[in-house]
Amino acid sequence: MSSFFETKIESLRGVGPQKAEWLNKELGIFTFADLLEYYPFRHEDRTQFHRIADITEDMFAAQIVGRIASIELIGSGVGKQRLVATFRDSTSHMELVWFQSITYFQKYLKLNAEYVVYGKPVWFGGNYSITHPEIELLTPSNNKKGYFQAIYSLTEKLRKRYIESKLISIWVKNLLDIADPYINETIPESLLTKYRLVAKKHALRWLHVPKSQAELHQAQRRLKFEELFYNQLRLIKLSLVRKNDYAGQVFQKTSLITEFYNKHLPFDLTGAQKRVIKEIFADLKSGKQMNRLIQGDVGSGKTIVAFISMLMAIDSGAQACMMAPTEILAQQHYANLKKYGDLLGVRIEILTGSSKKKERAIIHEALLNGELKILVGTHALLEDIVQFKNLGLCVIDEQHRFGVAQRAKLWEKNKNFYPHMMVMTATPIPRTLAMTLFGDLDHSEIDEMPPGRKPIITVHRYDANRLKVFEFMRDELKKGRQIYMVFPLIEESEKLDLKNLYDGYESIERAFPGVPLSIVHGKMKPKDKEFEMQRFKKGETKIMVATTVIEVGVDVPNASVMVIESAQRFGLSQLHQLRGRVGRGADQSFCILMTDYKLSKDTQKRLQTMVQTENGFVISQVDLELRGPGDMGGTQQSGLIDLKIANLAKDEGILKIAREEAFKILKSDPELEMADNLPIKLHIDKIKNKELSWNRIS
Ligand code: ADP
Ligand code: MG
């Protein structure tokens, strides 16, 4: 039966060998199944006409009937002219703008004739306008209620060959007409009924060629559910398999911890820290391998939680390691952990790309004979030559930057048992993202800040007010505080970045004569960076001029002012991370976001969010809404999330239900043997061959 969907696309009516080749090459569509699963990413609603007065900027497109009231050619010289038409209906007026084919449109457009116009409205200069609209004279045929057009992601090469969304729709329709008997249901009957989900075959038709908004909506809801349901089913299954099949070393001795608590703990742990430590201890005693995500905002005190957990491993004769994404961070963790370790006589070393050969040799040996208890480092830890006597616990800081493959590599470093895994992240992740990205991990949250931390005052200032900002900085310097000034990084042009940074540095030098400055950027040698960071940390320099290399984790309690230049160029979570560099000491801290006057709506929202809240989860939620899930934390590049239709910013409700139901099913019927679950079993058998991620599980 399934061979129907494996049929080559060229045998579909209307396609043929030549177009098939383009579909292969450009879109990866080889078979009937590929075409059917090539979902449109949006739909054009040509079923209704809008009134100009009802236009809003968040409309994807508007379809309007109106008359052209005036036409004007603006500007002079080749490439600088634009044709602007005033377009009216009975409710209001707007502008239509052409930058290209101007002479053609000058001839084509007729004053006072009635047109149907279609395009994306943009608010600009006090008017709505559509640039390069689709426009045609109103005729009896296009005056009728129109249609929905599915829009597919296509390439320029395809368009040149007239392979457009309309054509794809026609092909899909041809396919659906013959595919009907072969489309299998993938969701159990009971769930379809419970959530009133439409059958798969309807959903596919209604997604590709809907007749109404209602059909489209039904189709989307059903297919989103399916996608998230299988995503969750896989993650939950993975975590169950681990829990059932992967034994973990049992750590339950606590003499080192007791000693540390009684003699050396520098402060009382917060309630949240205590709770999370308890959760970790329960895992470490359980005899099952731990896989736990620890989320905690910047400054929430994750390091000590990691250290105490490591003590538990060490107490039972095992070793621990901690991996950080950058050298500076690794250095800092090392310094912090060593402070504690020295008190207890626990040996700690650091291994990074810049470790010397001699040091490495010593470390390798001490790891193998078990004298070295905690190894801190960067990616260098992953190298095959780094072998432990008995690695019991791995802590990974700032998970986002490490891929799943790297996590797996750490796993392999212990022979008898997989080491327990603790993944720490300071980048708050919206719930939906956490569920899909880390749905296979258990989850702990440090949702409380250490006491005495003053809220950071965040303000937005325009470049024009720079002198005032400088004045404020001078006052803070006089009080003995230190200041960060961060410049953005334009990845396309490193040269420009540096110029930008050095220009900034010079202007600060001029504005603050006699004040010792540091400068740090990504092009510096790690040694020099470290040297400058240390000078700043020791208080020898007062202002740190830097690019985002100071973004994560760097800790200088006396630095209480963060000035972010061109703040519009930073993402929201990045701004939040940067702000987290201050507010670490007892003084009132400030974050000043500098921009020029021209700000997009999204930028305004970002700045406003920063000014209003310090809550990382709120911020990550707004970030998700503004940017969409693909961009979050570099997850798209790492290929961690592959969702075709569900949108993590919008579909939290569906995701929750899908997760709940997946849980229930795997709990009551782990091997999927019940009749009602047969569609799931069959579907998994089918996708297993295609999607590697399922292979490891069943
Ligand atoms: P992060 O979660 O960002 O890694 P750190 O572990 O670096 O946070 O902790 C931030 C600062 O707060 C450190 O200086 C640490 O010593 C301090 N700290 C951590 N926990 C507490 C606590 N319970 N009480 C007071 N200070 C704490
Ligand atoms: Mg930290």
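The values are calculated or read from the model by the stated rules, or taken from the named source; none is laboratory data. Computed from a predicted model, the values in this text were never measured in an experiment. As a convention, Cβ positions derive from the backbone with ideal geometry for all residues, glycine included, and neighbour counts pool all protein chains shown. What goes into the accessible areas is simple: the full protein's heavy atoms, side chains included, and nothing from ligands, DNA or RNA. Shrake-Rupley method; radii C 1.70, N 1.55, O 1.52, S 1.80 Å.
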Go through segment 604-615 residue by residue and turn each phi into a ³J(HN,Hα) via Karplus (6.51, -1.76, 1.60, θ = phi - 60°); whole Hz please, and just put x for glycine and proline. 4, 5, 4, 5, 4, 4, 4, 5, 7, 9, 10, 6
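With a cut-off of 8 Å between alpha carbons and a minimum separation of six or more residues, what is the relative contact order of the chain in percent?
12 percent
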Percent RCO, i.e. relative contact order, over segment 255-446, from Cα pairs under 8 Å lying at least 6 residues apart: 33 percent
Note, ³J(HN,Hα) from phi for segment 315-329, Karplus 6.51, -1.76, 1.60, rounded to Hz, x at Gly and Pro: 4, 8, x, 9, 10, 9, 9, 9, 10, 10, x, 9, 5, 4, 5
Accessible surface ranking that places the most exposed of L73, L368 first, with a 1.4 angstrom probe: L368, L73
Please sort by residue number the trypsin sites (Lys or Arg not before Pro) in segment 188-268 whose DSSP state is loop and whose Cβ has at most 13 other Cβ atoms within 10 Å. R196, K211
From the protein chains alone at 1.4 Å, what is the descending order of accessible area for E215, E661, E72, largest first? E72, E215, E661
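Determine the alpha carbon to alpha carbon distance for each of K338/K527; K288/K389; K25/K644; K339/K523; K200/K644 and list only those over 22 Å. Don't skip to the end; give the middle numbers.
On the way: K338/K527 20 Å; K288/K389 20 Å; K25/K644 20 Å; K339/K523 30 Å; K200/K644 16 Å.
Cα-Cα > 22 Å for K339/K523; rest within.
Tell me the net charge near V15. Cut-off is 15 Å between Cβ atoms, V15 excluded, with +1 for each Lys or Arg and -1 for each Asp or Glu.
Working: positive: K8, R13, K19, K25, R161, K166, K173; negative: E10, E21, E26, D34, E164, D177.
After counting each charged neighbour, the total is +1.
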With all protein chains modelled, accessible area of F32 [1.4 Å, Å²]: 10 Å²
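Of all accessible surface on the chain at a 1.4 Å probe, what whole percent is carbon and sulfur? It would help to have the intermediate numbers written out before the result.
Values: 17440 of 33560 Å².
For the chain, the apolar C and S fraction of the accessible surface comes to 52 percent.
Exceeding 19 Å between C-alpha atoms, which entries from my cross-link table qualify? They are K302/K415; K479/K542; K285/K409. Kindly include the intermediate steps, with their values, before the conclusion.
Working: K302/K415 28 Å; K479/K542 11 Å; K285/K409 24 Å.
Beyond 19 Å between Cα atoms: K302/K415; K285/K409.
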Please give the solvent-accessible surface of S600 in Å², to the nearest 10, using a probe radius of 1.4 Å with every protein chain present. 60 Å²
State whether the chain is rounded, prolate or oblate according to the following rule on the C-alpha gyration tensor (a ≥ b ≥ c being the square roots of its eigenvalues): a/c under 1.5 gives rounded; otherwise a/b larger than b/c gives prolate, and the remaining case gives oblate. oblate
Using only protein heavy atoms and a 1.4 Å probe, report how much of T86 is accessible, in Å² to the nearest 10. 30 Å²
Rounded to whole Hz and in sequence order, give me ³J(HN,Hα) for segment 279-288 from the Karplus expression 6.51 cos²θ - 1.76 cosθ + 1.60, θ = phi - 60°, writing x for Gly and Pro. 4, 5, 4, 4, 5, 5, 8, 6, x, 9
In terms of the Cα gyration tensor, with a ≥ b ≥ c the square roots of its eigenvalues, is segment 87-232 rounded because a/c is under 1.5, prolate because a/b exceeds b/c, or oblate? prolate
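For I294, what is the net charge nearby, where nearby means another residue's Cβ is under 13 Å from its Cβ and Lys, Arg count +1, Asp, Glu -1?
Working: positive: R275, K278, R292, K302; negative: E279, D283, D297, D397, E398, D442, E445, D447.
Summing Lys and Arg as +1 and Asp and Glu as -1 gives -4.
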Hey, can you grab everything whose amide H is under 5 Å from the amide H of L293? Only 5+ residues off in sequence or another chain; H modelled, so Pro and N-termini drop out. V423, D442, H443, S444
13 Å beta-carbon shell around D596, net charge (K/R +1, D/E -1): +2
Nearest 0.05, what FRET efficiency do H217 and Y182 give at R0 = 35 Å with Cβ-Cβ as r? 0.85
At a temperature of 25 °C and a viscosity of 0.890 mPa s, determine how fast segment 48-146 diffuses translationally according to Stokes-Einstein, using the Kirkwood radius over alpha-carbon pairs as Rh; express D in µm²/s, rounded to the nearest whole number. 179 µm²/s
